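J.: Sharing a structure, written as structure tokens. Questions coming.
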Amino acid sequence: MSTQNVSWNEIESLVEILSKKVLKLPRTFSSITTLSRGGLVPSRLLADHLGIKKIYVDKKKISSNSLFVDDIFDTGDTFNEVMPRIDDSSKLVFATLFARRGKKYPKQLVYAKKTNNNAYVIFPWDKLEFHRSKK
């Protein structure tokens, strides 16, 4: 399996790109919601850039005034898991650092960058877990 390692410097650049895209949207958000684990770090960094104080994790019901954040849009499983939890799914905005190249993206997706290829993306917060899984 090929891999794509992402550095902290690249994460910071991607968060800045993503925050600019979110700020261009015709609406604002009162909070950020994410699922643990992959979205935790990007959510915190993006909250700083957007001036959002509230971050919710693993909520059963999600407000349509909340920006949903994850590290990568890959299979679409997380997006599909989140959709039924949104109080008004027509207002969902799903923000990710990466979007898997070659996938069909939902119109609600805002992303900073497409992946280089089908490589497994290793984020700085996933390195240990990834290397342990290879043993």
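The values are calculated or read from the model by the stated rules, or taken from the named source; none is laboratory data. Keep in mind that what you see is a predicted model, and the values were worked out from it rather than measured. Don't worry about glycine lacking a Cβ; one is built from the backbone with ideal geometry, like all the others, and counts go over all protein chains shown.
J.: State the number of residues belonging to the stretch 83-100 that are more than 25 Å from Asn117 (Cα to Cα) and either aromatic (Phe, Trp, Tyr) or assigned to a loop (DSSP other than H, G, I, E, B) (or both).
T.: Qualifying residue count for the region: 3.
J.: Hey, another quick one. Out of (1) over 14 Å from the mean Cα position of the chain (by Cα); (2) buried (at least 17 other Cβ atoms within 10 Å of the Cβ); (3) under 19 Å from Trp8 (Cα atoms), the odd one out for Leu128 is which?
T.: In the conditions (1) over 14 Å from the mean Cα position of the chain (by Cα); (2) buried (at least 17 other Cβ atoms within 10 Å of the Cβ); (3) under 19 Å from Trp8 (Cα atoms), Leu128 misses (2) alone.
J.: I need the full set of residues from the stretch 54-90 which are of a type outside the set (D, E, K, R), surrounded by 15 or more Cβ atoms within 10 Å (Cβ to Cβ) and in contact with a Gly (Cβ under 9 Å, 6 or more places away or on another chain), in order please.
T.: Phe68, Val69, Ile72, Thr78
J.: Which of the residues belonging to the stretch 5-39 are touching a strand residue (DSSP E or B) at 6+ places or on another chain (Cβ under 6 Å), modelled with pLDDT of 95 or more and surrounded by fewer than 19 Cβ atoms within 10 Å (Cβ to Cβ)?
T.: Ile17, Lys21, Ser31
J.: Let me ask something additional. Hey, among the residues in the stretch 50-75 that are at pLDDT below 95 and among the β-branched types (Val, Ile, Thr), which one's farthest from Ser36 (Cα to Cα)?
T.: Thr75
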